[in-house]
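Please treat every number below as a calculation from the coordinates, not as lab data. Bear in mind that the values here come from a model prediction, so they are computed numbers and not experimental data. Cβ: placed from backbone, ideal geometry, glycine included. Neighbour counts: every protein chain shown.
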Amino acid sequence: MVSLPKRMDPPVLYGGSLRLCNDLLDGVDVRAIEAGEQVDTGLATGRRPRADAVRNRERLLAAATTAFEQQGTDAPLDEIARSAGVGIGTLYRHFPTREALLEAVFRGRIDALSHLGDELLVSPEPFDALTTWLRAHLVNASACQGLAGSVLIDLLDEEDDGEPRGCEHMRAIGVQLLARAQEDGSARADADADDLVRLVNALVSATDDADDRSALADRLFMLMIDGLRVQPRA
């Protein structure tokens with residue numbers, strides 16, 4: 001009896017091309033896989049991804065962040081791959097869809113803002129720490145204005161409480177930073193952290209079409225901060 005070769009499932013199709021979509025396959029000999037050969041990807045042993053795969057992912061995220069900020073969420077993926085110094089196949093191995101890449105960029109920005117907030121919570125100047133965090137939120141909201149809307153609904157669907165964990169942590173940091181400034185008497189007692197974030201987001205929307213967008217947003221931001229600050233009595 002002739003032993004027939006084991007049938008392999010076809011690779012997943014994305015955009016009309018064959019692309020294997022698994023982060024851990026970055027750098028693996030794909031031709032060997034397609035030929036049915038046994039290839040060690042590290043999946044069975046649970047090993048971490050190869051160092052070059054991790055570097056490629058980081059470079060892709062950096063290139064995508066810049067591209068989405070400058071060109072919007074429809075920035076060509078092949079240009080992003082080229083800017084990162086990798087092929088389009090590597091991009092799809094890490095991020096099978098545009099939405100997956102958008103989500104990764106969005107989560108990265110939220111995580112960075114949360115890490116900054118954690119550091120500011122131990123600052124000896126509570127009001128300055130609050131101002132720094134709000135300004136960082138302004139910059140982030142401006143850069144992610146189109147990005148957030150593209151992925152936020154999908155992110156909300158992932159959490160039982162209706163709020164992504166990253167956003168929830170960021171909100172908690174804002175509450176703590178404001179509370180510290182209120183406790184030392186430098187911030188208005190009637191201020192609310194959620195309202196401050198709403199004001200920052202409103203500044204982004206109000207200055208979106210302005211020619212001097214950055215300068216105008218900064219001026220309005222400082223007006224907001226002056227209104228939040230408790231002025232020393234004469």
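Just rank C167, C144, fewest to most, by other beta-carbon atoms within 10 angstrom. Before the final figure, lay out each step's value.
Details: C167 19, C144 23.
With the sparsest Cβ surroundings first, the list reads C167, C144.
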### Task
Using amide H atoms built 1.01 Å from N in the peptide plane, name the residues 5+ places from A187, or on other chains, whose amide H lies under 5 Å from its own.
Q182, V230
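How big is the Rg/Rh ratio for the stretch 171-234, C-alpha atoms only, Rh by Kirkwood, two decimals? It would help to have the intermediate numbers written out before the result.
Details: Rg = 13.3 Å, Rh = 12.8 Å.
Looking at the stretch 171-234, the ratio lands at 1.04.
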### Message
As a footprinting exposure proxy, order V122, V175 by other Cβ within 10 Å, with the fewest listed first.
### Response
V122, V175
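Taking neighbour counts of Cβ atoms within 10 Å as a proxy for exposure, in what order, fewest first, do T65, T97, T132 appear?
On the way: T65 20, T97 13, T132 17.
The most exposed by this proxy come first: T97, T132, T65.
Can you give the local net charge around D226? Use residues other than it whose beta-carbon is closer than 12 angstrom to its beta-carbon, Lys and Arg +1, Asp and Glu -1. Walk me through the numbers on the way to the answer.
On the way: positive: R188, R219, R229; negative: none.
Charge balance in the 12 Å sphere: +3.
Report the relative contact order of the stretch 75-137, percent, no decimals, based on alpha-carbon pairs under 8 angstrom and at least 6 residues apart.
On the way: 20 pairs, mean separation 12.1, N = 63.
Here the relative contact order equals 19 percent.
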#### Entry: Point-to-point label distance, A112-I225, nm (Cα→Cβ direction, 7 Å offset)
2.0
